[in-house]
Each structure stands twice: as C-alpha cells, then as structure tokens.
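A.B. asks: Can you read through this structure? Questions will come right after.
The values are calculated or read from the model by the stated rules, or taken from the named source; none is laboratory data. As the structure is a prediction and not an experimental result, all values here were calculated from the model. Methodologically, a virtual Cβ is constructed for each residue, glycine included, from the backbone with ideal geometry; neighbour enumeration extends over all protein chains shown.
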Amino acid sequence: MSVEIRLPGADHPLRLAEAPSWDIELSPARSRVAFAAAHVVADPTRVPPGAGLALDWEATLAFRRYLWGLGLGVADAMDTAQRGMGLDWPSTRELIVRSGAEARAVGGRLACGAGTDQLVEGAASLAGVVEAYSEQVEVVETAGAQVVVMASRALAATARGPDDYHAVYSSVLGQVRDPVILHWLGPMFDPALTGYWGSPDLDVATESLLSLIAAHAHVVDGVKVSLLDAEREIAIRRALPEGVRLYTGDDFHYPELIRGDEHGSSDALLGIFDAIAPAAAAALAALDRGDTATYDAVLAPTVPLARHIFAAPTYHYKTGIVFLAWLNGHQDHFALLGGLEQARSVEHLVELFRLADAARMLLDPELAASRLRAYLDQVGVAA
C-alpha cells in the first residue's frame, strides 16, 4: 500500500517510495574494508546530575549489532558518536568497553577512537597530550578494538609546528600493540582542528602527515581523511607507503573514491554509512562481484542526501543522522546529547525526509511518515 504525506509548503502530497529490498551478502566486503561510524542514542528520560542526557545503552548497542548484521564494520567512539559535542570521556570509555564485548559476541569488526578529551582544554602540554592518548589507547586495545588515533584539540592548541605533532604521534605509535588508523579531521568538522599537522597550508600539512606515516608505516594500518576534498584525498592515497590504506571520510564524494581508478581505491570509514547502511552494504556486495553499474546505481541517489546531512555547518551532521535513525525505527526518541536535535532547522529536516525518500532510505515508509507528522505537530508546523 502506498504512503502519502503532505510536506510543509507543498502543493501536493508526496507519495513515498515502497520499502526497499537490498541484495546484501550479510558478510564483510572482500574488495574493500568498510566501517560505518556509529551514532549514540540519548535517553531523554534519564538525566544524570550535572551532565547532559544519559545514553540508552540497549538502543545504542542494538544499532551496532544492526550494522554488523549487514556485514559492515563499526567505527565507534568517534565524532559521529558526539565526541567533543556531548559525549564525555567517562561515557566514551564505557561505550568502548560495551561495544568491545558486543563485537566479540557477534564476531564484528570494531575500531574505536582514542583521543585526548579527558584533558581540560587549553591546559595541556605535549607530554600531557601523550599521556592522555596513551590512557585512551590502552582502553581501546583492552576492549579488543582497533585503535583510531583521533585528531586532538589539545594538541592543535599546544603544538607550534609539524615537529611537535611528530614528537607526540611518534611517542603514541611507539606504544601501540597493533597497526592503527590515523585520522585527519578537517576544520569543517571541528574548527578547533584548524592547522592540524602543523600548518593551515594544506600542502604543508599533507607533507607533515605523509612523512609521519612513512616513518611509522609498520604500525599504521591506514589514515582516515575527512577533508571533503576528493582531489587531495586521491593525491594522499597515491603517496602512501605500500600497504597503508586510505580510509575515505569524504561524505560528499564517497562513491567515486571507494570505486577508485586505475591507480587504486579508498577503503571507507564514514559517518554517512550510519544513515545509508543497507545501501552501502548492497553497493559493496556489487563491487565484490565486479558489478560497478549496480554499485553506482545504488549509491548515486544517496549522494544528495549525504550532501544535505553534511551541509555547513558540517559538524551538526549528527542531528540529521539521528533524525533518520529515529524515522527508521532504530530508536524511540529524536534526541541528541546536549540538545543538539535543535541544531538543524525544521526546513532542513523536512528536506532530509524528502531526500531520504528519493534515496530509498526510508526503510518503513509508513512508520517514517507517522514520525514526521508527530515531529511537525510537536514543533507546531502544519503539513
């Protein structure tokens, strides 16, 4: 049965696409390594004293099981999980421990972010940054997850040039047990990281990163690049030492970067894969079969949705990720830590709904329509 909904300002009802069915292998892709960076589910019914919303642990972990069930890896405790935007270090530590136990139970691939967010901002030394990284790396490794060495606000505020970055990262990489993923998170995702790797000049910063990786290639599995700059990502990918992966974090150009060219391809560690997980899994399965036509056909309609979710200010993309998870029944509330469900306008979220329908990312159209109507009623907007 078709579902219709009248969106605010529209002259005619929108007839939603039927619930999609996807050709998914339900096992990890063979031709690419693919992680979905997963969001956390806030619990607006529990507010701990002196803090923001608590987490709904069952819904948070159930979503990770859902991603693993589609054959995707999970990248946890990263910016998609509101690191630095509501999720504090004690909650992050518990998230890593709980996700590690779930990953072991289902045999899922898990990578977790190790950062320095237990430090008081503006009060760090280089030695303090190393110590903070070391504490978090130990938590991730003990949980059985692969370490993602996240970009550090404390280091960005303290370092005076590339040498300071190299000194800190060399100390951290000298301690890890297994190869790690480095992370270059651009200022569009976090303005506090402007000038990361020692210079606001991206050419200088790129050379700094590449020289660090060259010196430690034996303990670097790959680098996640989140700059929304496809040409720069490709140039970095081609310059990496043999065996070091480029994990795309480009939520605008992911289809062509993962597909690759005659010189190579990117693997994936993407926040948008949280929102389009079934399509991502189906596209990767097609790529494994060498069916690039199906790969392109599945992912192409998701790009306008992704560009909308990650539109400036990009760091508020979590609001759209969680809104779509709520529409699709993965959680009972449209709530984010720190009240960030209000970070995007009603107009933005209504357009997200329309683009999700066009991308066939409304997994249960009747439920999605019902929840959008409830949201519009709550905010006092007539459909």
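A.B. asks: I'm told Ala156 meets every condition in (1) assigned to a helix (DSSP H, G or I); (2) closer than 22 Å to Val219 by Cβ except one. Can you identify the failing condition by its number?
C.D. replies: Answer for Ala156: the failing condition is (2).
A.B. asks: With touching a helix residue (DSSP H, G or I) at 6+ places or on another chain (Cβ under 8 Å), within 17 Å of His253 (Cα to Cα) and hydrophobic (A, V, I, L, M, F, W, C) as the only criterion, which of Ala306, Ala286 stands out?
C.D. replies: Only one candidate passes the filter, namely Ala306.
A.B. asks: Got a number for residues in the stretch 327-361 being assigned to a loop (DSSP other than H, G, I, E, B) and surrounded by fewer than 16 Cβ atoms within 10 Å (Cβ to Cβ)?
C.D. replies: Adding up the residues that qualify gives 3.
A.B. asks: Next question, about the same structure. Select, from Asp250, Asp164, Asp221, Asp178, the only residue that is touching a Ser or Thr at 6+ places or on another chain (Cβ under 9 Å) and under 26 Å from Arg109 (Cβ atoms).
C.D. replies: Every option except Asp250 fails the conditions.
A.B. asks: Among the listed residues Leu53, Leu95, which satisfies the condition of being more than 20 Å from Glu141 (Cβ to Cβ) and either modelled with pLDDT of 95 or more or not small (Gly, Ala, Ser) (or both)?
C.D. replies: Checking each option against the conditions leaves just Leu53.
A.B. asks: Can you tell me which residue in the stretch 98-127 is farthest from the chain's Cα centre (by Cα), limited to those that are surrounded by fewer than 17 Cβ atoms within 10 Å (Cβ to Cβ) and in a helix (DSSP H, G or I)?
C.D. replies: Ala127
A.B. asks: Scanning for something part of a strand (DSSP E or B), touching a strand residue (DSSP E or B) at 6+ places or on another chain (Cβ under 7 Å) and within 26 Å of Gly271 (Cα to Cα), does the stretch 164-179 turn up at least one residue?
C.D. replies: No - not one qualifying residue is present in the stretch 164-179.
A.B. asks: Note down all Cβ pairs under 7 Å where the first residue falls in the stretch 92-113 and is under 23 Å from Arg153 (Cβ atoms), the second is among the hydroxyl-bearing types (Ser, Thr, Tyr) and modelled with pLDDT of 95 or more, and they're at least six residues apart or on different chains.
C.D. replies: Cys112/Ser99
Matching residues to (1) in contact with a helix residue (DSSP H, G or I) (Cβ under 7 Å, 6 or more places away or on another chain); (2) at pLDDT below 95; (3) surrounded by fewer than 17 Cβ atoms within 10 Å (Cβ to Cβ); (4) closer than 15 Å to Arg30 by Cα:
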{"site": "Arg245", "(1), (2), (3), (4)": "no, no, no, yes"}
{"site": "Gly249", "(1), (2), (3), (4)": "no, no, no, no"}
{"site": "Leu257", "(1), (2), (3), (4)": "yes, no, no, no"}
{"site": "Ile272", "(1), (2), (3), (4)": "yes, no, no, no"}
{"site": "Ile276", "(1), (2), (3), (4)": "yes, no, no, no"}
{"site": "Ala281", "(1), (2), (3), (4)": "no, no, no, yes"}
{"site": "Ala297", "(1), (2), (3), (4)": "no, no, yes, no"}
{"site": "Ala312", "(1), (2), (3), (4)": "no, no, yes, no"}
{"site": "Thr319", "(1), (2), (3), (4)": "yes, no, no, no"}
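A.B. asks: May I ask you to verify whether Ala325 is under 26 Å from Glu231 (Cα atoms), out of contact with any strand residue (DSSP E or B) (no Cβ under 7 Å at 6 or more places or on another chain), in contact (Cβ under 8 Å) with a residue 24 or more places away in the chain and not β-branched (Val, Ile, Thr)?
C.D. replies: Here the answer is no, as Ala325 does not meet what is asked.
A.B. asks: Run Leu87 past the list (1) under 22 Å from Ala279 (Cβ atoms); (2) in contact with a strand residue (DSSP E or B) (Cβ under 9 Å, 6 or more places away or on another chain) and report the number of the one that doesn't hold.
C.D. replies: Every condition holds for Leu87 apart from (1).
A.B. asks: Consider only pairs whose beta carbons are under 7 Å apart and that are at least six residues apart or on different chains; among these, list those whose first residue lies in the stretch 355-383 and is farther than 17 Å from Gly9 by Cβ and whose second residue is of a type in the set (Ser, Thr, Tyr) and in a helix (DSSP H, G or I).
C.D. replies: Ala359/Thr302; Met361/Thr302
A.B. asks: Can you tell me which residues in the stretch 98-139 are out of contact with any helix residue (DSSP H, G or I) (no Cβ under 7 Å at 6 or more places or on another chain), under 17 Å from Val168 (Cα atoms) and modelled with pLDDT under 95?
C.D. replies: Once the filter is applied, which keeps residues that are out of contact with any helix residue (DSSP H, G or I) (no Cβ under 7 Å at 6 or more places or on another chain), under 17 Å from Val168 (Cα atoms) and modelled with pLDDT under 95, the stretch 98-139 yields only Ala123.
A.B. asks: Taking the conditions exactly as written (surrounded by 16 or more Cβ atoms within 10 Å (Cβ to Cβ), in a helix (DSSP H, G or I) and modelled with pLDDT of 95 or more), does Glu231 satisfy them or not?
C.D. replies: So Glu231 fails the test.
A.B. asks: Any residue in the stretch 177-200 that is over 28 Å from Glu138 (Cβ atoms) and free of Cβ contacts under 8 Å to residues at least 24 places away in the same chain sitting within a Cβ distance under 6 Å of a residue that is surrounded by fewer than 23 Cβ atoms within 10 Å (Cβ to Cβ) and among the β-branched types (Val, Ile, Thr)? List the pairs, counting only those 6 or more apart or interchain.
C.D. replies: The qualifying pairs are Pro187/Thr194.
A.B. asks: List pairs: first in the stretch 201-216 and at pLDDT below 95, second assigned to a helix (DSSP H, G or I) and buried (at least 16 other Cβ atoms within 10 Å of the Cβ), Cβ under 6 Å, 6+ apart or cross-chain?
C.D. replies: Final answer for the pair search is none.
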